[in-house]
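Before any comments, here is the structure.
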Amino acid sequence: MSSIHAKFAISYPEFCLDVDLTLPSSGITVLFGPSGSGKTTCLRAIAGLESLEQGYLSVDDEIWQDSGAGIFIPTHRRDIGYVFQEAGLFPHLSVQQNLEYGYRRIPTDKRRISVESICQFVGISHLLSRSVHQLSGGEKQRIAIARALLTCPKLLLMDEPLSALDVKLKSEILPYLEKIHQELSIPVIYVTHSVRELARLADHVVLFRRGEVVVSDHADTVMSDPRHQDIFGEELGSIFDTKVVEHHEHRITQLDSDGVTIWAPGHIGEKEQLYRCRILASDVSIALHEPEQTTMLNRLPAVIVDIDHQKEYQGQVVVVLELSNRRRLLAKITMKSSFELGLSLGMSVWAQIKSVALS
C-alpha cells in the first residue's frame, strides 16, 4: 500500500528535530503539539524548505529527498500545494487572477480540476471579480485553499491555516476542509495546535513533543488513549465517526456509529451524511445499572478495559470504556466515585453522555 515516508534530522542552537515517520497517502494527517514542538519544522522539511543534516522523503515510492544518495528535489519541483497561516494573496490582482496565476503555469495534461469547479467546491464563485482588499479573513483563506488545490498537487500541506481567524470564521471554513477529505483524493498533512481542529479533521495523528514523535497512529486510537492526557489536557476525549440516520421531533438527530445509536441536539446534516462526534472525557459519567428517568439521552452499555491513575494527585482518574461496537470511550471521574462504585477492569457498566455536550 502506498505511503509517505519521512525521516529528518535537524539541529539548531536551541532545538533539534529527529523524526522517522510512515504516513498514509490518503486522508488527513494532523501534526499536533504545543508551540515549538517541531510540527511546522517537519512540514517545512516535507516541502523542501528546511536545510537538513540528514533527510529522506518519499511520496508513493517517488523519492523527493535522500541525503545519502545526494538526491534533493527543490520545492518548486515537488508536487505539493502549500497553505500558510496567512493567505498570502497578490494584493494587486483580483480573486480570479490570483487563482489563475498558478493554474496557468501547470502543464495542460496535469490539470485535473477546473477553476470553475474548484470555486464551486469552496464557495467563492461570487468573489471572482473582487479585489483582495474587499475580502474578509475567511474569504481570503478559502481562496488560498482553492489556489493550492488548483495546482493539482500530489500532496497538500497546510500550516495552521485557521490560526489567524476567529471562532466564527473557523466554523465557516472547517466544512470545506472536510470536503477535501471526503470528495477529493488528495492526501493532506495539516499542522495545528487546536484539539478541536484535530478532532474534527484527522484520520491519522502525529503527536510531537520537543522535536520528537510521541505517537503516530489512527486518530481514534490516539485520542482515546489516556496516556496522552498531558498533551490534550482538559480537552481529552474520544471521537466517533457516525452516519446521520434520522431527524426527529424536538430537534434531535439520531446518529449511528457501527450499530451504536448516539443522539445529538439540533438537526445535523442530511440523511446518510457522515458526521464526526467529539466527546470530552469530562462529559461522560458512569453508572453500575442502566439509568432510568434521567435527562441523559445517551446511555450506552460498556466494559471497563483500563483505569488510568495519572491524575490521582488531582483526585481524578480516567476510565477507558469499550462499547459494543469495539470503540473506546473515555470518562474522567473523581477518585471518590471510582472507589465508591468499586470500579475494576472487566466490569460491565453504563456510560452516560450529555447530548448537549457533543461537538
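Rule-based calculations on the coordinates, nothing more; no lab input. The model shown is predicted, which means the values in this text are computed figures rather than measured ones. Cβ: placed from backbone, ideal geometry, glycine included. Neighbour counts: every protein chain shown.
Under 17 Å Cα-Cα from K243, which aspartates and glutamates qualify once same-chain neighbours fewer than 8 residues away are excluded?
By straight Cα distance, K243 reaches E178, E183, D203, D220, D256, D258, E270, E272.
Within the range 14-109, list the trypsin sites (Lys or Arg not before Pro) lying in a DSSP loop whose Cβ has at most 16 other Cβ atoms in a 10 Å radius.
R104, R105
Per 0.36 nm of contour for each residue apart, how much would the distance between H126 and D79 grow if the chain were fully extended, relative to their Cα-Cα spacing?
Values: separation 47, 0.36 × 47 = 16.92 nm, distance 2.90 nm.
Full-extension gain reported as 14.0 nm.
Can you compute the FRET efficiency between S185 and H92 using 1/(1 + (r/R0)^6), with r the Cβ-Cβ distance and R0 = 41 Å? Round to the nearest 0.05.
Numbers: r = 34 Å, r/R0 = 0.84.
So, using R0 = 41 Å, E works out to roughly 0.75.
Which one of V245, L300, V284 is farthest out on the positive end of the charge dipole of the range 237-357, using unit charges on Cβ (Lys, Arg +1; Asp, Glu -1) and the Cα centre as origin?
The one lying farthest along the dipole's positive direction is V284.
About its Cα centre, how strong a charge dipole does the chain have in debye, to the nearest 20, once Lys and Arg get +1 and Asp and Glu get -1 at the Cβ? Could the numbers behind the result be given before it?
Numbers: 36 positive and 45 negative charges, 183 e Å.
Dipole magnitude for the chain comes out near 880 debye.
Amide H to amide H under 5 Å from V284: which residues, 5+ apart in sequence or cross-chain, H placed 1.01 Å off N in plane?
Amide H to amide H, under 5 Å and 5 or more residues apart or across chains, V284 pairs with K332.
Is the shape of the range 3-235 best called rounded, prolate or oblate, per the rule: a/c under 1.5 gives rounded, else a/b larger than b/c gives prolate, else oblate, with a ≥ b ≥ c the square roots of the Cα gyration tensor eigenvalues? Before the final figure, lay out each step's value.
Working: a/c = 1.82, a/b = 1.30, b/c = 1.40.
Verdict is oblate for the range 3-235.
Looking at the chain as a GNM with Cα springs under 10 Å, which of G138, G38, G315 has the largest mean-square fluctuation?
Answer for the Gaussian network model of the chain: G315.
Which of the listed residues, L274, M223, F208, is farthest toward the dipole's positive end in the range 202-310, when Lys, Arg count +1 and Asp, Glu count -1 at the beta-carbon?
It is F208, whose Cα lies furthest towards the positive end.
Tell me what the chain gives for mean residue ellipticity at 222 nm when only DSSP H runs of n ≥ 4 count, each as -39,500 (n - 2.57), the sum divided by the residue total, rounded to 500 deg cm²/dmol. All intermediate terms of the calculation are to be shown ahead of the outcome.
Values: 9 runs with 79 residues, N = 359.
Dividing the helical sum by the residues of the chain leaves -6000 deg cm²/dmol.
So which lysines pass the test for K311, namely a Cα distance under 29 Å, with those fewer than 8 places away in the same chain ruled out?
K311 reaches K39, K332, K336, K354.
Once R0 is set to 35 Å, what does the formula 1/(1 + (r/R0)^6) return for the Cβ-Cβ distance between E178 and H289, expressed as a FRET efficiency to the nearest 0.05?
Details: r = 38 Å, r/R0 = 1.10.
Efficiency, rounded to the nearest 0.05: 0.35.
How large is the charge dipole for the range 262-336, taken about the Cα centre, if only the Cβ atoms of Lys, Arg (+1) and Asp, Glu (-1) carry charge, to the nearest 20 debye? Each step should come with its number before you reach the end.
Numbers: 10 positive and 9 negative charges, 34 e Å.
Dipole of the range 262-336, to the nearest 20 debye: 160 debye.
Within the chain, which is the longest segment containing none of the GluC sites (Glu not before Pro) that sit in a DSSP loop and have at most 15 other Cβ atoms within 10 Å?
Working: sites that count: E14, E53, E86, E249, E270, E272, E292.
Of all site-free stretches, the longest is 87-248.
Using a/c under 1.5 as the rounded threshold, could you call the range 106-152 rounded, prolate or oblate? The axes a ≥ b ≥ c are square roots of the C-alpha gyration tensor eigenvalues, and prolate needs a/b larger than b/c, oblate otherwise. Could you put the intermediate results ahead of the total?
Working: a/c = 2.30, a/b = 2.11, b/c = 1.09.
Prolate, since a/c reaches 1.5 and a/b exceeds b/c.
Which of L17, A45, Y101 sits farthest toward the positive end of the charge dipole of the range 10-109, with +1 on the Cβ of Lys and Arg and -1 on the Cβ of Asp and Glu?
Among L17, A45, Y101, the one farthest towards the positive end of the dipole of the range 10-109 is Y101.
Please enumerate, by chain and number, the lysines with C-alpha under 19 Å from the C-alpha of K168, excluding those fewer than 8 residues away in the same chain.
Result set, ordered by chain and number: K140, K179.
Per 0.36 nm of contour for each residue apart, how much would the distance between S136 and K354 grow if the chain were fully extended, relative to their Cα-Cα spacing?
Values: separation 218, 0.36 × 218 = 78.48 nm, distance 3.55 nm.
Taking 0.36 nm per residue and subtracting the Cα distance, the gain is 74.9 nm.
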